[in-house]
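Notes for the one structure printed next.
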Amino acid sequence: MRRALALAERGGGATSPNPMVGCVLVDGEGEVLGEGWHARAGEPHAEAVALEAAAREGRDVRGATAVVTLEPCAHHGRTPPCADALAEAGIARLVYALPDPHAGRGGAERLRKVGVEVVAGVEEAAAMRLVEAWLHLERTGRPLFHLKTAQTLSGHLTRGVGGPGWITSPEARAHVHRMRRRHRAVLVGVGTVMIDDPELTVREWPPPDGAPDDPAEAPWPEVQPLRVVLDSHLRTPADSRIAETSDRVPTVIYCRASGERAEALRDRGVEVVPTEVSRRGLDLGAVAADLAERGVSGVLVEPGPTLAAGLMVAGLADRWSLFLAPDGDVGEGALPVFSPAGPVPRFALEDPEWSSIGRDGLVTGRPAPSL
C-alpha cells in the first residue's frame, strides 16, 4: 500500500478535480504483476493502468491481489467502472485504504458479490491526506486552501536587511516543491511578486516515501500548477518572472479592474480576471468560487503577512503548514507572521502533525477557532 500511495502522488494536482490514486497488482508470492496511477483528469484510472501494464508484460492477474489507495469506482464517468475491470480480470482479493465517499459509487460490494475477498482501511490516514483536497471540494464545493509559511524563532516571515538569506534549509525548500506538485494551484499576493519576483513552479522533485531510487521511475512532473496572484490594483510587472513564463505555465491574476497594464500582461499570456471587491479588498469568496469552476480542488497558498491574515479572517485557511527555522536571526525590516486585515480570529491547529526536514521543524494541521 505504501508503494501504491507513492505512485498515487505522481499524479499530483494534474488529477484535479479527481483524486490521486495508485494501484499495485501482486500475485500470491508478493511479486508485482503491474502497477499504475491516475495521471490526470480524463485519463484512465490507476486500476486500468495497472491491468494494462500487466497485460503488456504478459502477466496473468487471475487470482491476484489488487492494492488500491481508494475504493475502485462502480459508476460510469469519463472512464468505465474500475470494479468491473478488476472483476473481469479475475482478481481474487481487493485491498484498499479509503472508501469512496459517494454512497453507491464504490465497487467493493460489487466485487464481494462475485467472490472477491475485500480488505479495507490499510494505511487509511496516509491515503486521507493524499485526497484531502478532493474530499474538501466534494463536500463544500470550494477548493481547500493550504497555507504554507516559514518563520524564524522570533516570529518573522523574512530575514530583513542584513539577515542571513533563506529562512529554511535546502531540504525544506525541496519539500515545498513537492507540496506545490500535490496542489492544482499555487497562490500568492502581489506583495510577494513585487518583493521576491518568484517563479512559483515545480523545479525540484524529491521522490515520495516508498518511491524507487531510480530517477527514471520517478519522472519529472509534466504538469505545473496553475499560478494565481491576488493583485487588487494590478501592480504585477509585465517583466516579472511570472509574466515572462506565462506562455508555458498558466497564470491567473485577480484584480479590481483592468486597463493598460492588463493588456500588457495579457500579451504575455497572463489571464487577467476583474473580481468583486469586499470591504477588505478582493472578495476571496469570489476567487474561491472561480477556482472551483476551473476544477481546482487544492490551492497551496504561499502568503505574506497581509494575505495570511486575510484568509484567516475570511475563513479560508483549511490547512496550515509551518516551517520553523531554529534561530531568530533577522535584520531591519523583517516582516512578522501577521499584518492583520482586521482582527485575526483566535485559532489553534487541530490534529497537528510534527516532523523535521533538514534542520527545520514542520507542523501541519487544520486551523480551528479557539475559545
**Fill in**
If you go through Pro99, Pro80, the only one that is surrounded by fewer than 23 Cβ atoms within 10 Å (Cβ to Cβ) and modelled with pLDDT under 90 is Pro80
**Request:** Would you mind telling me which numbered condition in (1) in a loop (DSSP other than H, G, I, E, B); (2) farther than 28 Å from Pro19 by Cβ; (3) modelled with pLDDT of 95 or more Val330 fails?
**Result:** (3)
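Name the single residue that is least open to solvent (accessible area, probe 1.4 Å) among those in region 116-148 being among the small types (Gly, Ala, Ser) and under 13 Å from Pro19 (Cα atoms). Don't jump to the end; show me each part of the working.
First, pick out the residues of region 116-148 that are among the small types (Gly, Ala, Ser): 120-121, 125-127, 133, 141.
Narrowing the set further to residues that are under 13 Å from Pro19 (Cα atoms) leaves 127, 133.
Details: Ala127: 3, Ala133: 23 Å².
Checked region 116-148; the qualifying residue least open to solvent (accessible area, probe 1.4 Å) is Ala127.
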**Item:** Members of region 12-37 found to be in contact with a strand residue (DSSP E or B) (Cβ under 8 Å, 6 or more places away or on another chain) and closer than 14 Å to Thr69 by Cα, listed by number
**Value:** Pro19, Met20, Val21, Gly22, Cys23, Val24, Leu25, Glu35, Gly36, Trp37
**Message:** Within region 139-160, does at least one residue satisfy the condition of being in a helix (DSSP H, G or I) and closer than 21 Å to Pro367 by Cα?
**Reply:** yes
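Go through region 238-261 and give me each residue that's assigned to a loop (DSSP other than H, G, I, E, B) and either touching a His at 6+ places or on another chain (Cβ under 6 Å) or among the polar types (S, T, N, Q) (or both).
Here is the first cut: in region 238-261, the residues assigned to a loop (DSSP other than H, G, I, E, B) are 238-240, 245-250, 256-259.
Once the filter is applied, which keeps residues that are assigned to a loop (DSSP other than H, G, I, E, B) and either touching a His at 6+ places or on another chain (Cβ under 6 Å) or among the polar types (S, T, N, Q) (or both), region 238-261 yields Ser240, Thr245, Ser246, Ser258.
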**Fill in**
Selection from region 179-206 of residues among the basic types (Lys, Arg), modelled with pLDDT of 90 or more and either touching a Leu at 6+ places or on another chain (Cβ under 9 Å) or surrounded by fewer than 18 Cβ atoms within 10 Å (Cβ to Cβ) (or both) yields Arg180, Arg182, Arg184
**Prompt:** Is there any pair with a first residue in region 1-27 that is farther than 15 Å from Ala127 by Cα and without any contact (Cβ under 8 Å) to a residue 40 or more places away in the chain and a second that is open to solvent by less than 10 Å² (accessible area, probe 1.4 Å) and in a helix (DSSP H, G or I) whose Cβ atoms are under 6 Å apart and which are 6 or more apart or on different chains, and what are they?
**Reply:** none
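Yes or no: Val301 over 22 Å from the mean Cα position of the chain (by Cα), of a type in the set (A, V, I, L, M, F, W, C) and open to solvent by less than 50 Å² (accessible area, probe 1.4 Å)?
No; evaluated as a whole, the condition is false for this residue.
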**Request:** Among the residues of region 38-56, count how many are at pLDDT 95 or above and either among the hydroxyl-bearing types (Ser, Thr, Tyr) or open to solvent by 70 Å² or more (accessible area, probe 1.4 Å) (or both).
**Result:** 3
**Prompt:** If a residue has to be over 17 Å from Glu138 (Cβ atoms), open to solvent by less than 10 Å² (accessible area, probe 1.4 Å) and modelled with pLDDT under 95 to count, how many in region 12-35 make the cut?
**Reply:** 1
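Quick one: is Thr364 hydroxyl-bearing (Ser, Thr, Tyr), under 22 Å from the mean Cα position of the chain (by Cα) and either open to solvent by less than 50 Å² (accessible area, probe 1.4 Å) or closer than 26 Å to Asp283 by Cα (or both)? Steps first, answer last, please.
Details: hydroxyl-bearing (Ser, Thr, Tyr): yes; under 22 Å from the mean Cα position of the chain (by Cα): yes; either open to solvent by less than 50 Å² (accessible area, probe 1.4 Å) or closer than 26 Å to Asp283 by Cα (or both): yes.
It is true that Thr364 is hydroxyl-bearing (Ser, Thr, Tyr), under 22 Å from the mean Cα position of the chain (by Cα) and either open to solvent by less than 50 Å² (accessible area, probe 1.4 Å) or closer than 26 Å to Asp283 by Cα (or both).
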**Request:** Answer yes or no: is there a residue in region 306-315 that is among the aliphatic types (A, V, I, L, M), without any contact (Cβ under 8 Å) to a residue 40 or more places away in the chain and open to solvent by 30 Å² or more (accessible area, probe 1.4 Å).
**Result:** yes
**Message:** If I filter region 316-332 down to residues being crowded, with 22+ Cβ neighbours inside 10 Å and of a type in the set (Gly, Ala, Ser), which single residue comes out as farthest from Gly162 (Cα to Cα)?
**Reply:** Ala317
**Prompt:** Within the bounds of region 161-175, is there any residue that is modelled with pLDDT under 90, touching a strand residue (DSSP E or B) at 6+ places or on another chain (Cβ under 8 Å) and open to solvent by less than 20 Å² (accessible area, probe 1.4 Å)?
**Reply:** yes
**Request:** Sort through Ala55, Ala85, Ala89, Ala39 and tell me the only one that's closer than 24 Å to Val223 by Cβ and among the aliphatic types (A, V, I, L, M).
**Result:** Ala39
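If you go through region 146-195 one residue at a time, how many are of a type outside the set (Val, Ile, Thr) and within 23 Å of Met312 (Cα to Cα)? Spell out the reasoning first.
From region 146-195, those of a type outside the set (Val, Ile, Thr) are 146-148, 150-151, 153-157, 159-160, 162-166, 169-175, 177-185, 187, 189, 191, 194; that's our starting set.
From the residues that got through so far, the ones that are within 23 Å of Met312 (Cα to Cα) too are 146-148, 150-151, 153-157, 179-180, 182-185, 187, 189, 191, 194.
Number of matching residues: 20.
The values are calculated or read from the model by the stated rules, or taken from the named source; none is laboratory data. Not measured: the values here are computed from a predicted model. As a convention, Cβ positions derive from the backbone with ideal geometry for all residues, glycine included, and neighbour counts pool all protein chains shown. For accessibility, only protein heavy atoms count, side chains too; no ligands or nucleic acids. Shrake-Rupley method; radii C 1.70, N 1.55, O 1.52, S 1.80 Å.
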